[in-house]
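The values are calculated or read from the model by the stated rules, or taken from the named source; none is laboratory data. Given the structure is predicted, the values throughout are model-derived calculations rather than measurements. Positions of Cβ are backbone-derived with ideal geometry, glycine not excepted, and every protein chain shown enters the neighbour counts.
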Amino acid sequence: MRQARLISQVTGQKGGRCLEQAGACRLFYCLKSREAPHGTTDTLFRLHQELGARIVDFGGWDMPVQYSSQIGEHHAVRRGAGVFDVSHMCVVDLKGPRVRAFLRHLVANDVAKLTLAGKALYTCMLNERGGVLDDLIIYFLTESWFRAVVNAGTRDKDLAWIRSQAAGFGVEVTERADLAMLAIQGPEARAKAVQLLKPADAQPALALAPFVGRELGGWFVARTGYTGEDGLEIMMPAQDAVPAWRRLNDLGVASCGLGARDTLRLEAGMNLYGNDMDESTDPFESGLAWTVAMQPERAFIGREALAAIKKNGSPKKLVGLLLEDRGVLRSHQKVIAGAAGEGETTSGTYSPTLERSIALARVPAGTGERVQVEVRGKLLNARVVKPPFVRNGKALVS
Amino acid sequence: MSNVPADLKYTRSHEWVRSLADGTVEVGITDHAQHSLGDLVFVEVPDAGRVVKAGEACAVVESVKAASDVYAPLAGEITAGNPQLANEPEAVNTDAYAAWLMRLRPAPGALAAAALMSGADYEKFLAAEG
């Protein structure tokens, strides 16, 4: 166990308990841990300590929640540039002559869309019932090499599933535990991050189109992110991570933790696996219909289940909520939608950009424009909005 | 290591108590508490005139992470809630001992009877809590 390495447990409540809901700790950065076999972030861990980060256990990894102020770090990303340690994410290389066919079978979005080398695709991976096993990004590198990045918390499950499905296609599945990953995000992020590369590589890095990645100087540089801002995510050999981080700090890029990562992604309307969807929910009731490619005809895992749901219409939908009263929405709060019935928030937080609370909620399909949310025994008023709430630093809702 | 002024008294639920010249007390949350909670975004303070028992939840501090109740350290009547905190909840993070949440007039004998710790005992309490 890495418990001995924890500096301090984040306590959401005075008196030492972390925020617990429904008997299990649902705050994404309080997931109870398993032994983490990877050492790739050990050196980054010492750096986070040195920088004064508050460390929490996240799925077996000791991760920084904040370095100075969670809200300050959020604003740094929206207004300038911030760097996040995302080395806990699981990078998986998939190789073989039939890898493309394998992925067309494995995931709900269609990798046939990936024709430009380095282009990425966001997709769900489903079980036979159409339930979401995980959400992930897949990069097309060559016809016999694709790379997937899956969530840290679902690593074991995903790898076992992928391996079992890959066997029939002769695809080799390799977890890249040798790689660290940094996300540099914000309007100034790319201009600063490319200064880490050799001059000959900086220009091609800056020229990357959105959602495209490329191997440059031994690093894999991609124009992707989880904040709603422009930026890069860079996969690099583990020993490069600390010098890279220090250089980014020198360039004025703020160290940012998981706390800011959560407020940023929620403002951007981006789902978090485990909160906004899980194996018991399908993409249609999770705001992810746009990631499912039912056409052209393709036999992928979960297709038949989805076709049945689509035929009858999904009874639930995922919506955004903007709280009108004072307070903060959290996950697992009851949503009262009048005649349409009841639902539940799936993620909630305070939005530093909007200066009020926002949430995602799974509600009956007939839910209208206003709902009430039960927050600590009181009914608070909220407006239903279509996410995202913020894009490129600007509020999309008022 | 958090800041623990020696001239205040403390509760096990991380409130501080300052005796004022007019016989009322001022109450806030400690530096340790504000640090654990993170950036505060809302503070709810009680109305003047409310009568509270020792240990009664009578204010709420809400950070991005969680909402936390604040408990009356002793029995009495609220004389004021701090109006500054409605618009500036972050004042508690900036200076937890200046940003009082409420003032109250202790019930007769309540201050003497209250189970309050000295600064030194609160520091020991924090060290033991881990």
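A:SER331 meets the stated requirement of being in contact with a Gly (Cβ under 8 Å, 6 or more places away or on another chain) and either outside the structural domain of A:ALA395 (by TED's automatic domain parsing) or at pLDDT 95 or above (or both). Is one or more of the residues making up segment A:369-381 in the same structural domain as A:ASP325 (by TED's automatic domain parsing) and in contact with an Asp or Glu (Cβ under 6 Å, 6 or more places away or on another chain)? So far as segment A:369-381 goes, yes, one or more of its residues are in the same structural domain as A:ASP325 (by TED's automatic domain parsing) and in contact with an Asp or Glu (Cβ under 6 Å, 6 or more places away or on another chain). In the set A:ALA337, A:ALA365, only one residue is over 30 Å from B:VAL41 (Cα atoms), in the same structural domain as A:VAL385 (by TED's automatic domain parsing), aliphatic (A, V, I, L, M) and touching a Pro at 6+ places or on another chain (Cβ under 9 Å); that residue is A:ALA365. Would you confirm whether any residue within segment A:201-211 is under 30 Å from A:PHE300 (Cβ atoms) and touching a Lys or Arg at 6+ places or on another chain (Cβ under 6 Å)? Checked against the condition, which is being under 30 Å from A:PHE300 (Cβ atoms) and touching a Lys or Arg at 6+ places or on another chain (Cβ under 6 Å), segment A:201-211 yields at least one hit.
Among residues of segment B:54-100 being acidic (Asp, Glu) and not in a loop (DSSP other than H, G, I, E, B), the one that is nearest to the other protein chains (Cβ to nearest Cβ) is B:GLU62.
Of all the numbered requirements in (1) at pLDDT 95 or above; (2) in contact with a Gly (Cβ under 7 Å, 6 or more places away or on another chain); (3) more than 14 Å from B:LEU116 (Cα to Cα), B:TRP16 misses one, and that requirement is (3). At least 1 residues being surrounded by fewer than 19 Cβ atoms within 10 Å (Cβ to Cβ) and in contact with a helix residue (DSSP H, G or I) (Cβ under 7 Å, 6 or more places away or on another chain) is the threshold, and among the helices (runs of 4 or more DSSP H) wholly inside segment A:139-229 those reaching it are A:155-166, A:199-206. Filter segment B:5-27 down to residues that are away from chain A (no Cβ under 14 Å) and in contact (Cβ under 8 Å) with a residue 60 or more places away in the chain, then give me how many there are. Of the residues in segment B:5-27, 13 are away from chain A (no Cβ under 14 Å) and in contact (Cβ under 8 Å) with a residue 60 or more places away in the chain. Scan segment B:101-112 for residues that are over 19 Å from B:HIS32 (Cα atoms) and either within 14 Å of chain A (Cβ to nearest Cβ) or in a loop (DSSP other than H, G, I, E, B) (or both) and the total you get is 3. Inside segment B:46-73, can you point out the residues that are crowded, with 19+ Cβ neighbours inside 10 Å and within 11 Å of the chain's Cα centre (by Cα)? Matches in segment B:46-73: B:CYS58, B:ALA59, B:VAL61, B:VAL70, B:TYR71, B:ALA72, B:PRO73. Checking the condition more than 13 Å from the chain's Cα centre (by Cα), over 19 Å from A:VAL390 (Cα atoms) and touching a residue at least 12 places away in the same chain (Cβ under 8 Å), which residue from A:ASP230, A:ASP240, A:ASP250 passes? Step by step, each of A:ASP230, A:ASP240, A:ASP250 is checked, and only A:ASP240 is more than 13 Å from the chain's Cα centre (by Cα), over 19 Å from A:VAL390 (Cα atoms) and touching a residue at least 12 places away in the same chain (Cβ under 8 Å). Within the set A:ALA22, A:ALA108, A:ALA36, the sole residue that is modelled with pLDDT of 50 or more, more than 26 Å from B:THR94 (Cα to Cα) and away from chain B (no Cβ under 14 Å) turns out to be A:ALA108. So, B:THR30, is that one within 13 Å of the chain's Cα centre (by Cα) and within 14 Å of chain A (Cβ to nearest Cβ) or not? Spelling it out, B:THR30 is indeed within 13 Å of the chain's Cα centre (by Cα) and within 14 Å of chain A (Cβ to nearest Cβ). Filter segment A:65-84 for residues that are touching a Cys at 6+ places or on another chain (Cβ under 9 Å) and either more than 13 Å from every other protein chain (Cβ to nearest Cβ) or closer than 16 Å to A:ALA244 by Cα (or both) and give the result. Hits for segment A:65-84 are A:ALA76, A:VAL77, A:GLY82, A:VAL83, A:PHE84. Just a yes or no: is a residue in segment A:391-398 modelled with pLDDT of 95 or more, out of contact with any helix residue (DSSP H, G or I) (no Cβ under 9 Å at 6 or more places or on another chain) and either loosely packed, with under 14 Cβ neighbours inside 10 Å or under 19 Å from A:ASN275 (Cα atoms) (or both)? Within segment A:391-398, not a single residue is modelled with pLDDT of 95 or more, out of contact with any helix residue (DSSP H, G or I) (no Cβ under 9 Å at 6 or more places or on another chain) and either loosely packed, with under 14 Cβ neighbours inside 10 Å or under 19 Å from A:ASN275 (Cα atoms) (or both).
All of (1) in a strand (DSSP E or B); (2) within 14 Å of chain B (Cβ to nearest Cβ); (3) not hydroxyl-bearing (Ser, Thr, Tyr) hold for A:ASP62 with one exception: (2).
If you go through segment B:39-53 and keep only what is within 14 Å of chain A (Cβ to nearest Cβ) and in contact (Cβ under 8 Å) with a residue 40 or more places away in the chain, you end up with B:ASP39, B:LEU40, B:VAL41, B:PHE42, B:VAL43, B:VAL45. Answer yes if at least one residue in segment A:77-84 is among the charged types (D, E, K, R) and over 26 Å from B:GLU90 (Cβ atoms), and no otherwise. No, segment A:77-84 has no match at all.
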